[in-house]
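Only one structure is covered here, and it is reproduced in the block below.
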Amino acid sequence: MSVKPDWLRVKAPQWGRVGKVKEILRDLDLNTVCEEASCPNIGECFHNGTATFLIMGPACTRACPYCDIDFEKKPKPLDVTEPQRLAKAVQRLKLNHVVVTSVNRDDLPDGGAFQFGRCIEEIRAIAPGTTIEVLIPDLCGNWQALEGILAARPEVLNHNTETIPRLYRRVRPQGDYLRSLELLSRAKQKAPWIYTKSGIMVGIGETDAEVREVMKDLRSVDCDILTIGQYMQPSGKHLPVASWVRPEQFELWGRWGESLGFLQVVASPLTRSSYHAEQVRALMERYPRKAPSHAATLRG
């Protein structure tokens, strides 16, 4: 499975714009998941002036065998200046929509929820017109920490289920499928105005029926947005690819997902959690939801 099919080839990026984004990121000492996780879309996204910021990293406390983020280094203490630097990058890049994600920080009591909240607050202060999407870890089931993130009122809360339940022990050994579903369910219950989102990888041994079951599970917790993409092995040390899923199959999942009631399904071989995430602004215009003016209105 090492030879990629033609449909997974990406266009060479225009390095002038890519270099400009990299320059801003290096100047403000910021990490992106685009770089740390070896995303195949980095050229396109950087050329368009978008990036998914990786906070509290780049060292992760988990060792998922599909992921290219470093787990061998010891995580560093949180940097209190990171939220301000992140907000400055959003301003300098003139982003309409920003995605903020993180490594797993199981060494922190709240899993890093406070840092997420601070990043949202700083972006709001310096770029009030920018919509904010957070792609969060499972916080080890700390639901009070989750409420802290929701209280900062991001427009989109994303948490990836990653794969089907049968493959969890192999693919996501420190994760829990039902815990991930519960996180998405609690997010919608506590903050019904928020757009919830999740994503799965395919090509690691799942069946079509199993993918459809995950899609139904996500709709059962009122998940609004779904991404489905092809898993690609970052190196020989990582989980091998079991199959290259054809584009036609992604189209079938996309249509079926829309019939289930997802507001948006982004399904293609090159889709990643944050690929074309800025399109959510159009979704928000079609299906508007207004967040309360104060975090105290969170349901108790």
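The values are calculated or read from the model by the stated rules, or taken from the named source; none is laboratory data. Predicted model only: the values in this text are computed from it and were never measured. Virtual Cβ from ideal backbone geometry, glycine too; neighbours counted across all protein chains shown. Heavy atoms of the whole protein, side chains included, go into the accessibility calculation; ligands, DNA and RNA do not. Shrake-Rupley method; radii C 1.70, N 1.55, O 1.52, S 1.80 Å.
Which order do Lys74, Lys197 take when ranked by solvent-accessible area (1.4 Å probe, heavy atoms of all protein chains), largest first?
Lys74, Lys197
What length, rounded to one decimal in nm, is gained on full extension from Asp176 through to Ile126, with 0.36 nm per residue of separation minus their alpha-carbon distance?
Roughly 14.4 nm would be gained on extension.
Are any of the pairs Lys4/Lys197; Lys216/Lys290; Lys190/Lys237 more than 31 Å apart by Cα-Cα distance, and if so, which? Write out the running numbers ahead of the final one.
Details: Lys4/Lys197 28 Å; Lys216/Lys290 26 Å; Lys190/Lys237 40 Å.
Listed pairs above 31 Å: Lys190/Lys237.
Whenever you get a sec, line up Tyr287, Tyr168 from highest to lowest accessible area (probe 1.4 Å, protein heavy atoms).
Final ranking, largest accessible area leading: Tyr287, Tyr168.
With Cβ to Cβ distances under 12 Å as the rule, what net charge do the other residues near Ser273 carry (K, R +1; D, E -1)?
Charge balance near Ser273 sits at 0.
Nearest 0.05, what FRET efficiency do Trp143 and Asp208 give at R0 = 45 Å with Cβ-Cβ as r? Don't skip to the answer; put the middle values down first.
Values: r = 33 Å, r/R0 = 0.74.
Approximately 0.85, to the nearest 0.05.
For Lys290, Lys88, give me the order by solvent-accessible area with a 1.4 Å probe, most accessible first, ignoring ligands, DNA and RNA.
Descending accessible area places them as Lys290, Lys88.
Gain in length, Lys73 to Arg26, computed as 0.36 nm per residue apart minus the alpha-carbon separation, to one decimal in nm?
14.9 nm
Per the Kirkwood treatment, what hydrodynamic radius in Å, one decimal, follows for region 159-284 from the mean inverse distance over all distinct Cα pairs?
14.8 Å
Once each part is reduced to its C-alpha centroid, what is the distance from region 161-230 to region 47-123 in angstrom?
21 Å
Set the Förster distance to 35 Å, then compute FRET efficiency between Arg92 and Arg186 from the Cβ-Cβ distance, nearest 0.05.
After rounding to 0.05, the efficiency reads 0.50.
Beyond 21 Å, what share of the Cα-Cα pairs of region 57-166 is found? Please give it as a whole percent. All intermediate terms of the calculation are to be shown ahead of the outcome.
On the way: 2277 of 5995 pairs.
That tail contains 38 percent of the Cα-Cα pairs.
In nm, to one decimal, how far is the modelled label at Glu285 from the one at Leu8, with both set 7 Å along Cα→Cβ?
3.5 nm
Over 10 Å intervals from 0, what percent of Cα-Cα pairs in region 118-207 sits in each interval?
16, 44, 27, 11, 1
How big is the charge dipole of region 139-267 about its Cα centre, in debye rounded to the nearest 20, if each Lys and Arg gets +1 on its Cβ and each Asp and Glu gets -1 on its Cβ? Write out the running numbers ahead of the final one.
Working: 16 positive and 15 negative charges, 65 e Å.
Result for region 139-267 is approximately 300 debye, rounded to the nearest 20.
Pairwise over distinct Cα atoms, reciprocal of the mean inverse distance: report the Kirkwood radius of region 157-213 in Å, one decimal place.
On the way: mean 1/r = 0.0826 Å⁻¹.
Evaluated over region 157-213, this radius sits at 12.1 Å.
Near Glu122, within a Cβ-to-Cβ distance under 14 Å, what is the net charge of the other residues, with Lys and Arg +1 and Asp and Glu -1? Please report the intermediate quantities before stating the final value.
Details: positive: Arg85, Lys88, Arg92, Arg118, Arg124, Arg153; negative: Asp79, Glu82, Glu121.
Result for the neighbourhood of Glu122: +3.
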